[in-house]
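Asker: I am attaching a structure below and will ask some questions about it afterwards.
Derivation of every value follows stated rules applied to the coordinates shown; laboratory data play no part. Predicted model only: the values in this text are computed from it and were never measured. All Cβ positions, even for glycine, are placed from backbone atoms using ideal geometry, and neighbour counts span all protein chains on display.
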Amino acid sequence: MERIFLPGDILVPQGISMEKWSVIACDQFTSQPEYWQEVRDRVGDSPSALNLIMPEAFLNDIPALDVAQRTAEAMDDYLNRGLFRVLKDSFVCVERQVAGGFVRRGVVGCVDLEKYDFTPGSDAPIRASERTVAERLPARMLIRRGASLELPHVIVLINDREDPVIRPLWRELKDETPIYDFDLMAGGGHIRGWQVSGPRAQALAEQFAALPGGLKMVVGDGNHSLAAAKELWNRLRMDLTEEERENHPARFALCEAESVWDEGVIFHPIHRVIFGAEPRILLEIMEKKLQVEGGRQVKIVSGGRIAGTLSVRGKSFGTMVDALQDVLEEHENDYDAMVDYVHDSAAAIAMTARDENTLAFLMPTVKKEDLFDTVLRDGVFPKKSFSIGTARDKRYYLECRKIK
C-alpha cells in the first residue's frame with residue numbers, strides 16, 4: 001500500500017476544560033489583537049493550546065527565538081504532567097458545526113511528507129494550493145525544530161465528489177461515544193471526535209491511498225506550516241539511514257483531511273486591506289493597470305463603505321489575484337504601506353473607517369471545481385487566494401502528536 005495518509009499516535013488532552021484548551025489557528029485575526037487578548041483572558045491559568053502557539057498578531061513583537069523557547073518549554077511541561085491521553089495508531093473522525101448551520105466532516109491523521117511537495121509544477125500526490133513565500137518559513141521552522149509536539153491547523157482536501165471515504169465513516173461512528181464533544185470558544189461552533197483504530201484504521205488508510213488520479217490531496221489551509229515541516233524533514237533526513245527514515249516521527253505531519261465536496265467545506269474569499277496607503281495614487285494605478293471590460297469584480301472600500309468596483313483583468317482566478325497582488329505589493333514597498341489579509345468582509349470594511357489612508361479590496365470567491373483543476377494546470381494559486389470557511393470556522397488546535 002502506498003503511504004499517503006496514515007494513522008498515528010494522536011494525543012488528546014484529558015481531565016481539563018476542552019473549551020479553554022482549543023484555540024483557533026494562529027494566522028487568524030492578525031489585525032485584531034483584541035481577539036487574542038480576549039482568548040488569553042478566557043484561558044487564564046488553564047492548560048491551553050494557546051501556550052503552545054504564537055498568534056501571528058504578535059509575531060513582530062517577540063523574537064522568534066523567544067517564541068520557540070517559550071512554546072517548547074510549555075510542551076515539555078504538559079507532557080511531563082501527563083496531560084494527554086494517547087490514541088495509539090489511530091485516526092480521529094471529526095464533526096464540526098460551522099457558520100450557517102453546516103456540518104463539516106474530516107479525519108485527523110498523518111501526511112507522509114515524502115509524498116508532499118509545495119514546489120509549483122510538482123507531480124507529487126500531495127501538493128500545495130498556494131504559492132509558498134520563502135520568507136514566511138524560517139520562523140515556523142525555528143519553532144518546529146525545538147518543539148516536542150505538533151498541533152495541526154493544516155487542512156488537506158481530497159477530490160471525492162461521490163464522497164466514498166469520509167462521510168461513510170462518519171455515518172458509522174456518529175451514534176457511538178465520542179472522545180470529545182464540546183463548544184469551541186469565541187463563536188467557533190461545536191465539535192465532536194471519534195477514535196478510529198484497528199482494522200477500521202487500516203481500511204481507511206487503504207482508501208486514502210486508493211484515491212483516483214495522481215493528485216490525491218491538495219493543501220487547503222496551513223500551506224506554510226506544512227511547507228515548514230517538509231523543509232525540516234528534508235534537512236533531517238540527510239543524516240538518517242534508510243531504515244531510520246522509514247518511520248521517523250518528523251517524516252509525518254498531523255493534518256485534517258476533508259472532502260472538497262463536503263457541504264461544510266465552504267470557500268470564502270480572503271480580502272486585502274492596505275494600511276498607510278496613498279489612496280488617490282493607488283486607485284489611479286489600479287485603474288490604469290488592472291481595469292478591463294468583463295473582468296472579475298473586486299469591490300473597493302474606503303471610509304467604512306463600498307466606494308466603487310474594479311473589473312480586474314485575468315484569464316483565470318489565479319492570474320486575476322496575481323495582477324492585483326502585484327500592484328498592492330508595489331505600492332506597499334513604494335509608500336511604506338502594509339497589506340494584510342482579512343477573512344471577514346465586515347471586519348475589512350470596519351478597518352477602513354479608522355483611517356482615510358486605509359483601503360480594503362473585497363475579493364470574489366474561487367469555485368470548488370476550480371481547485372484541483374487549477375493545481376493540476378497552473379501549479380498553485382497565488383498566496384491568500386481563498387479560505388475554507390469564515391475566520392471563526394478555521395481549524396482550532398486540539399489534537400497533538402509527538403515529533404521527537
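Asker: Could you give me the ³J(HN,Hα) list for the range 43-60, computed from phi with Karplus coefficients 6.51, -1.76, 1.60 and θ = phi - 60°, whole Hz, x at Gly and Pro?
Answerer: For the range 43-60, the Karplus curve yields 5, x, 8, 5, x, 7, 4, 4, 7, 10, 9, 10, x, 5, 4, 10, 4, 6 Hz.
Asker: Amide H of ILE179 versus every other amide H placed in the peptide plane: which residues, excluding those fewer than 5 positions away on the same chain, fall under 5 Å?
Answerer: When sequence neighbours closer than 5 places are left aside, the close amide H contacts are GLY193, TRP194, GLN195.
Asker: Okay, moving on. At 0.36 nm per residue, minus the direct Cα-Cα distance, what do ARG70 and ALA346 gain on full extension? Give it in nm, one decimal, please.
Answerer: Length gained, ARG70 through ALA346: 95.9 nm.
Asker: In a shell of Cβ-Cβ distance under 13 Å around ALA201, excluding ALA201 itself, what net charge do Lys and Arg (+1) and Asp and Glu (-1) give?
Answerer: Within the 13 Å Cβ shell, the charges total -2.
Asker: Here's something else I'd like to know. Describe numerically, in nm with one decimal, the distance between label points set 7 Å from Cα along Cα→Cβ at ALA99 and at LYS404.
Answerer: A separation of 3.8 nm, rounded to one decimal place.
Asker: With label points built 7 Å along Cα→Cβ from the Cα atoms of ILE281 and ASP378, find their separation and express it in nm.
Answerer: Between ILE281 and ASP378, the label points sit 2.9 nm apart.
Asker: For the range 138-151, just list the computed ³J(HN,Hα) in residue order, Karplus coefficients 6.51, -1.76 and 1.60, θ = phi - 60°, integers in Hz, with x standing in for Gly and Pro.
Answerer: x, 5, 5, 5, 4, 5, 5, 4, x, 8, 8, 10, 10, 10
Asker: What length, rounded to one decimal in nm, is gained on full extension from MET338 through to ARG81, with 0.36 nm per residue of separation minus their alpha-carbon distance?
Answerer: Extending this stretch completely gives an extra 88.3 nm.
Asker: With θ set to phi - 60°, apply the Karplus curve 6.51 cos²θ - 1.76 cosθ + 1.60 along the range 104-116 and write out the HN-Hα couplings as whole Hz, x wherever there is a Gly or Pro.
Answerer: These are the phi-based 3J(HN,Hα) values: 10, 10, x, 10, 8, x, 10, 6, 7, 5, 5, 9, 10 Hz.
Asker: Something else: How high is the FRET efficiency between ALA134 and GLU172 when r is their beta carbon distance and R₀ equals 41 Å, given to the nearest 0.05?
Answerer: About 0.45, to the nearest 0.05.
Asker: Before rounding to the nearest 500, sum -39500 (n - 2.57) across all DSSP H runs of length at least 4 in the chain and divide by the residue total; then give [θ] at 222 nm in deg cm²/dmol.
Answerer: -9500 deg cm²/dmol
Asker: Here's a follow-up. According to the square roots a ≥ b ≥ c of the eigenvalues of the Cα gyration tensor, what is the shape class of the range 267-404, taking rounded for a/c under 1.5, prolate for a/b larger than b/c otherwise, and oblate for the remainder?
Answerer: oblate
Asker: Packing-wise, with mean Cβ within 10 Å as the measure, how do 237-249, 128-140 rank, highest first?
Answerer: Highest to lowest by the protection proxy: 128-140, 237-249.
Asker: At 0.36 nm per residue, minus the direct Cα-Cα distance, what do LYS315 and ASP89 gain on full extension? Give it in nm, one decimal, please.
Answerer: Difference between extended and current length: 76.8 nm.
Asker: Please list, by residue number, every one of the trypsin sites (Lys or Arg not before Pro) in the range 7-82 that is coil in DSSP and has at most 12 other beta-carbon atoms within 10 Å.
Answerer: Here the trypsin sites (Lys or Arg not before Pro) that fit, given the DSSP loop and packing criteria, are ARG81.
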